Amino acid sequence: MRRLLQKIFTQPVTWLANKFGSRPNLARVHEALTKLYQDSKDNPGKKVLVIDATAKDAKFIVFSDQHKGAKNGSDDFMVCEVSYLQALEYYYAENFHFISLGDEEELWENTVWPVKANNKASIALQKKFLVQQRYTKVYGNHDTFWNNDPFAGMHLKNMYGEVVKIYEGVVLQLTANDKAVNIFLTHGHQGDGQSDSNWFSAWFVGRVWAPLQSYLNLNPNVPSASDELKTMHNLFMYQWSEQEHNPVLITGHTHQPVFASLTHLERLYKNLDAARRAKDDAAIALLTPTINYKQNEFDYVVGNYGKMKPYYFNTGCCCFVDGDITGIEIADGKIRLIKWNKNENATGRMVLEEMELTALL
């Protein structure tokens, strides 16, 4: 029966997704981000939590896109759970504030009950952050349930033992060298016709559209699954952040790590360009095979990668198929892209990229 329905509905569902769905639209994305950021100024603490800190003392870890499921065959988080738990143990001990930047739970494919029942270890660990007021929960498109379901607060209180406030974004107002560095964090689905509209649209997506796509195994035009859309999404986010008076932006959503506006492949290309200008044959010989290898995984880059400023960052995700997770760390006056690497012997923290927060001024 499912195969028959797939055959019937694949074409119309794909058409609807192209017209109304997750394919990002520049004007819509920018309008949604501007509206949300303005709300952080007009109504701080309502949709957007505003946190003040000095760059020297700030300690934040940002993870997103865990997609915790029901411990079944479609649970993408399951293979990463060990890495995730070890990472949170480390950040709890080091007194970090944990920002969960959306899509923590996979509530398109699952109801809330099996997700709660099968993720007690991570919920218990996150509760330790919450008790010390070091846990901030932001919703994304796959867990918009927390924002629109009338019983969401009851479920969260049952999970954590106390009230959990849900936000659409966070603004970190950091002070560095007596100057302000504002960092705006949100999931990154803003401007997505499926997920960022009125309450009826949100309800329809959560209760009708998403379950239909899940049942039919149809998920077209989702940035996390399309190289082209990832690149488009990154560019739209960067272009919003580079506008005058807009803050540095951190999102998730695409599952692709971005540091200082560049993906790993774009940074390799940029380094290769520099090596060629310097006629550094050794560097060229080292970079070329690495780029060739990476191109097999992902071969979309923006045309102006060599001129991009450090305005945009992306956490990556906590559901890579090899069990690794990535995130954005802010500590010691620096911003870092980190990976918790899972192998046969141990799970460990690895700094992939870092820069001084003052470089964002």
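Structural remarks
- Single residue of the range 232-266 satisfying the filter (of a type in the set (A, V, I, L, M) and open to solvent by less than 20 Å² (accessible area, probe 1.4 Å)) that is nearest to P310 (Cα to Cα): A260
- Spans of helices (runs of 4 or more DSSP H) in the range 184-296 with at least 1 residues at pLDDT 70 or above, under 16 Å from L33 (Cα atoms) and not hydrophobic (A, V, I, L, M, F, W, C): 227-241
- Residue within the range 60-69 that is surrounded by fewer than 23 Cβ atoms within 10 Å (Cβ to Cβ) and more than 20 Å from K116 (Cβ to Cβ) present: no
- Within the range 29-69, tally of residues that are of a type in the set (V, I, T), assigned to a strand (DSSP E or B) and within 28 Å of F320 (Cβ to Cβ): 2
Conditions tested, residue by residue: (1) within 26 Å of V48 (Cβ to Cβ); (2) small (G, A, S); (3) surrounded by fewer than 23 Cβ atoms within 10 Å (Cβ to Cβ); (4) out of contact with any Ser or Thr (no Cβ under 9 Å at 6 or more places or on another chain).
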site: Y84; (1), (2), (3), (4): yes, no, no, no
site: Y92; (1), (2), (3), (4): yes, no, yes, yes
site: N95; (1), (2), (3), (4): yes, no, yes, yes
site: S100; (1), (2), (3), (4): yes, yes, no, no
site: T111; (1), (2), (3), (4): no, no, yes, yes
site: A121; (1), (2), (3), (4): no, yes, yes, yes
site: A124; (1), (2), (3), (4): no, yes, yes, yes
site: K127; (1), (2), (3), (4): yes, no, yes, yes
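- The C-beta contact set for the range 43-56 (first residue charged (D, E, K, R), second residue assigned to a strand (DSSP E or B) and modelled with pLDDT of 95 or more, distance under 7 angstrom, 6+ apart or interchain) comprises K47/Y167; K47/G169; D52/Q173.
- Scanning the range 137-183 for residues that are closer than 21 Å to Y37 by Cα, charged (D, E, K, R) and at pLDDT 95 or above gives K137, K165, E168.
- So V138, is it over 18 Å from F320 (Cβ atoms) and crowded, with 20+ Cβ neighbours inside 10 Å: yes
- Qualifying positions in the range 313-332 - of a type in the set (F, W, Y), surrounded by 24 or more Cβ atoms within 10 Å (Cβ to Cβ) and in contact with a helix residue (DSSP H, G or I) (Cβ under 8 Å, 6 or more places away or on another chain): none
- Test: residue in the range 88-105 that is in a helix (DSSP H, G or I) and either charged (D, E, K, R) or over 16 Å from E329 (Cα atoms) (or both): yes
- Verdict on N177 being among the polar types (S, T, N, Q) and on the phi < 0 side of the Ramachandran plot: no
- Subset of the range 314-331 that is aliphatic (A, V, I, L, M) and modelled with pLDDT of 95 or more - its residue that is farthest from L172 (Cα to Cα): I325
The values are calculated or read from the model by the stated rules, or taken from the named source; none is laboratory data. Treat the numbers as computed from the prediction; the structure is a model and nothing was measured. So basically every Cβ, Gly included, is an ideal-geometry build from the backbone, and we count neighbours across all protein chains shown. Each accessible area value is taken on the protein alone, full model and side chains, heavy atoms only, with ligands, DNA and RNA left out. Shrake-Rupley method; radii C 1.70, N 1.55, O 1.52, S 1.80 Å.
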